[in-house]
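Single-structure report; data block below.
The values are calculated or read from the model by the stated rules, or taken from the named source; none is laboratory data. Values in this document were obtained by computation on a predicted structure and should not be read as measured data. Positions of Cβ are backbone-derived with ideal geometry, glycine not excepted, and every protein chain shown enters the neighbour counts.
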Amino acid sequence: MTFTVFYKFFIVHLLSALAITSAASTAPTFEIGTWGNFCQGAISHTFDDYGMSGTGNAAGANGAGEAAFDAKGFHSTIFVVTGSASAATWTNCKYAFAKGHEIASHSVTHSGTMPTSELAPSQNAVRQNVPGEKCVTIAYPNCNTPGDAQVLQYYIAGRNCAASPVTEKSPGNFAQINSKMFGAGSCGCPNTATDFNNYADQAALSNGWAVVCSQALAAITIHGR
Ligand SMILES: [Zn+2]
């Protein structure tokens, strides 16, 4: 999740011709955008399990997934299982980070419920292996949080699964950012252009924030949303 864009409020000063000629009698009108560039909603694309088998396309010079994002100038978040990361994993993460992608934590061991003891070590591993990356967000393996208060001691936000997958424009709990799972393979997840567009439309209709959680990335196409 790349947060900086969401906190940029764009203010447009809309002066009518009448206001210009009669400023003393007409108050200027301002509009504050909910999202950057006055978009109706926001989307974050996130990829899990990086460093584990079958996830290589999400990052790196030879990653078709990252290449698709780079071609459009879009950024993603790549959540790394740091205990599974090889030297090649970190090389690819550094490459992705240099292109503007976020490298974040997906625990050390990807155990059933992430223990609190992995919060700091996974963050430190990212920081040490991807110089400059602060690693301020986390995704919980298997949708099990180690605890909101514990997470927020180390991270500004955590991504989780959700039955209602669009997060409101001002999240009430940054340790529980909703996401919707997509991807090929055994998860049976939605994975077509229509599926992605429908999720984007959901976010737009509610002025909310859609977070795509992609599993089993084989090859992707960016559909212009
Ligand atoms: Zn995972």
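Looking at T116, is it surrounded by fewer than 23 Cβ atoms within 10 Å (Cβ to Cβ), under 15 Å from A59 (Cβ atoms) and among the hydroxyl-bearing types (S, T, Y)? Before the answer, list the steps.
On the way: surrounded by fewer than 23 Cβ atoms within 10 Å (Cβ to Cβ): yes; under 15 Å from A59 (Cβ atoms): no; among the hydroxyl-bearing types (S, T, Y): yes.
No.
Residues in region 166-175 that are out of contact with any Phe, Trp or Tyr (no Cβ under 6 Å at 6 or more places or on another chain) and buried (at least 19 other Cβ atoms within 10 Å of the Cβ): how many? Even if it seems obvious, please write down each step before you answer.
Taking region 166-175 as the starting set, the residues that turn out to be out of contact with any Phe, Trp or Tyr (no Cβ under 6 Å at 6 or more places or on another chain) are 166, 168-175.
Applying the additional criterion that residues be buried (at least 19 other Cβ atoms within 10 Å of the Cβ) yields 166, 175.
Count: 2.
So if I check each of G158, G112, which one is part of a strand (DSSP E or B), within 16 Å of the ligand (Cβ to nearest atom), in contact (Cβ under 8 Å) with a residue 12 or more places away in the chain and among the small types (G, A, S)? So that I can check it myself, show each step before the final result.
Numbers: G112 fails: part of a strand (DSSP E or B).
When all the criteria are applied, what remains is G158.
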From the option list A71, A64, A96, single residue qualifying as buried (at least 24 other Cβ atoms within 10 Å of the Cβ), more than 15 Å from the ligand (Cβ to nearest atom) and farther than 25 Å from P165 by Cα is A96
Within region 163-184, residues touching a strand residue (DSSP E or B) at 6+ places or on another chain (Cβ under 8 Å) and more than 14 Å from S214 (Cα to Cα) come out as V166, T167, E168, K169, P171, F174, A175, Q176, I177
**Report entry** Flag if A193 is among the hydrophobic types (A, V, I, L, M, F, W, C) and buried (at least 16 other Cβ atoms within 10 Å of the Cβ)
**Finding:** no
Apart from one, (1) free of Cβ contacts under 8 Å to residues at least 60 places away in the same chain; (2) over 20 Å from V136 (Cα atoms) all hold for A71; the odd one out is (1)
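Checking the conditions here, which among G51, G33 is farther than 27 Å from G132 by Cα, over 16 Å from the mean Cα position of the chain (by Cα), modelled with pLDDT of 85 or more and surrounded by 12 or more Cβ atoms within 10 Å (Cβ to Cβ)?
Details: G51 fails: farther than 27 Å from G132 by Cα.
Just one listed residue meets the conditions, G33.
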Restricted to region 79-90 and to residues being within 12 Å of the ligand (Cβ to nearest atom) and not in a loop (DSSP other than H, G, I, E, B), the residue farthest from the chain's Cα centre (by Cα) is S84
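Is it the case, given these coordinates, that K134 is surrounded by fewer than 23 Cβ atoms within 10 Å (Cβ to Cβ), more than 16 Å from the ligand (Cβ to nearest atom) and assigned to a helix (DSSP H, G or I)?
Details: surrounded by fewer than 23 Cβ atoms within 10 Å (Cβ to Cβ): yes; more than 16 Å from the ligand (Cβ to nearest atom): yes; assigned to a helix (DSSP H, G or I): no.
Criteria not met by K134.
For Q128, indicate whether it is outside any loop (DSSP other than H, G, I, E, B), buried (at least 16 other Cβ atoms within 10 Å of the Cβ) and modelled with pLDDT of 95 or more. Reasoning before the result, please.
Values: outside any loop (DSSP other than H, G, I, E, B): yes; buried (at least 16 other Cβ atoms within 10 Å of the Cβ): no; modelled with pLDDT of 95 or more: yes.
Judged against the criteria, Q128 is not a match.
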